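What follows is a short report on a single structure.
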């Protein structure tokens, strides 16, 4: 407890002192591990609450908690009961940390200085710091309809896991299953060319990438230490080599230096997804950038790996109708947005509907898209009869009409159409360009929990 003051931000210290708040700590994570409860700290913390709050006498609280433990877990055996009894007893190990009077006089600079985008600095961080009421109305000009920037979650870097995975390259078979099951996209395979390899320190382990298409490159599984939630799914799924796992959970305090390697990878290592068919198999899919990352979903969430995978396959042209529920909480808890964009600035569009009408909401997406794209097709038919367009342009219109429902093929055709129409003064060409976002076929998805789905 003597070290707590060294780690608290000055604005927190000042608030505690000015408001005469008492501060208590307990290492519930260590206690849970010691008594065999793994990462389950709730009973320890509940006991600690009764210890410091005095809402009822602490001895009575302990007695009643133990009665309910027997009621809840009596059929699970004596060992389970003993572990939960121990959790109740050790919740009393809570300690008070002295709040110094001089903290009230600290000069506080609440602005975090870095190269984050203006929207992050002026909107997202004040809201996350619970200072949203300080924001002027002017910061929301242009987004009155609730439109929000993509990828704001990447700037949070919560660092809340007690343990995170560390990679042992000697046991890695480059299957990418660890990335495949990760709920938060915090462990990924990176493929580095020779120039990108030189930017890493000599102590950073690399493997020769498997596959002829990756000739001359190096492979690394990299962990995002500060965004990982420590669920251990990656360790559990890792087949390793000869039964020896390539991943091991270790205390996060031993891995802080590894964060700079993640930062280097995401900032300086280009995607190599174009070298493989990312839709062919699990391994290849994980070379594609996830367009759903660092959500606030629970550690070990079973839903988010599916969403992440879908964004890797279709995210650049994806629209999501979302039913109220877990997927709306981890999908868009303002100001955090885990849906993000690829290198071309393309990513999923997401909107939430009520719990009960999401199927109709999503179907509305389909009808609207079909209507607008039919309008584009009509314009191209009209342009094909005009002398203002060349034969090559008309051929592109024919290709678009014939392939408009082929999601992958129409992307390339659409890009060519935009290129050849840009700069034309013809009114039809201008109208087609005004509808550019409808040229590609959208991959429309309806997300919701089992309650909505069964209703």
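Points to keep in mind about this one:
- Taking the inverse of the mean 1/r over every pair of distinct Cα atoms in segment 114-211 gives a Kirkwood hydrodynamic radius of 17.6 Å.
- Tensor-based shape of segment 318-365 (alpha-carbon gyration tensor, a/c under 1.5 rounded, otherwise prolate or oblate): oblate
- Nearest 10 degrees, 0 to 90: helix 58-73 Cα axis against the chain principal axis: 60
- A simple packing score, the average count of other Cβ atoms within 10 Å per residue, orders the peptides 54-61, 289-296 as 289-296, 54-61, with the highest score first.
- The distance linking segment 79-108 with segment 121-165 is 30 Å (Cα centroid to Cα centroid, whole angstrom).
- Working from Cα pairs under 8 Å separated by at least six residues, relative contact order for segment 170-325 is 31 percent.
- Residue-normalised convex hull volume from the C-alpha trace of segment 27-93: 71 Å³ per residue.
- Average Cα contact separation per residue, the chain, under 8 Å, 6 or more apart, as relative contact order %: 13
- Estimated [θ] at 222 nm from DSSP helical runs (n ≥ 4, -39500 (n - 2.57)) normalised by residues in the chain, nearest 500: -11000 deg cm²/dmol
- Centre separation in Å (Cα based) which lies between segment 1-48 and segment 226-257: 26
- Across segment 163-353, counting alpha-carbon atoms alone, Rg and Dmax equal 16.3, 50 Å.
- The Cα atoms of segment 273-363 define a convex hull whose projected area, averaged across directions, is 6.5 nm².
- Peptides 331-344, 353-366 ranked from most to least packed, by the mean per-residue count of other Cβ atoms within 10 Å: 331-344, 353-366.
- Ordering of 268-279, 38-49, 310-321, 202-213 by burial proxy (mean other Cβ atoms within 10 Å per residue, highest first): 310-321, 38-49, 268-279, 202-213
- The Kirkwood hydrodynamic radius of segment 415-455, based on inverse pair distances between different Cα atoms, is 13.0 Å.
- Expected-Rg normalisation [2.2 N^0.38 Å, Cα atoms] applied to segment 361-443: 1.05
- Radius, Kirkwood style, for the chain when every pair of distinct Cα atoms is counted (Å): 26.0
- Considering segment 129-185 at the alpha-carbon level, its Rg and Dmax are found to be 19.2, 55 Å.
- Under the simplified labelling scheme, the residue 355-residue 279 pair shows an inter-label distance of 3.6 nm, with each label point 7 Å from Cα along Cα→Cβ.
- Extension gain from residue 334 to residue 250, taking 0.36 nm per residue of separation minus the Cα-Cα distance: 27.1 nm
Here, each number is a calculation from the coordinates, and none is a lab measurement. Only a predicted model underlies this, so the values are computations on that prediction, with no experimental measurement involved. No Cβ is skipped: glycine too gets one built from the backbone with ideal geometry, and neighbour counts run over all protein chains shown.
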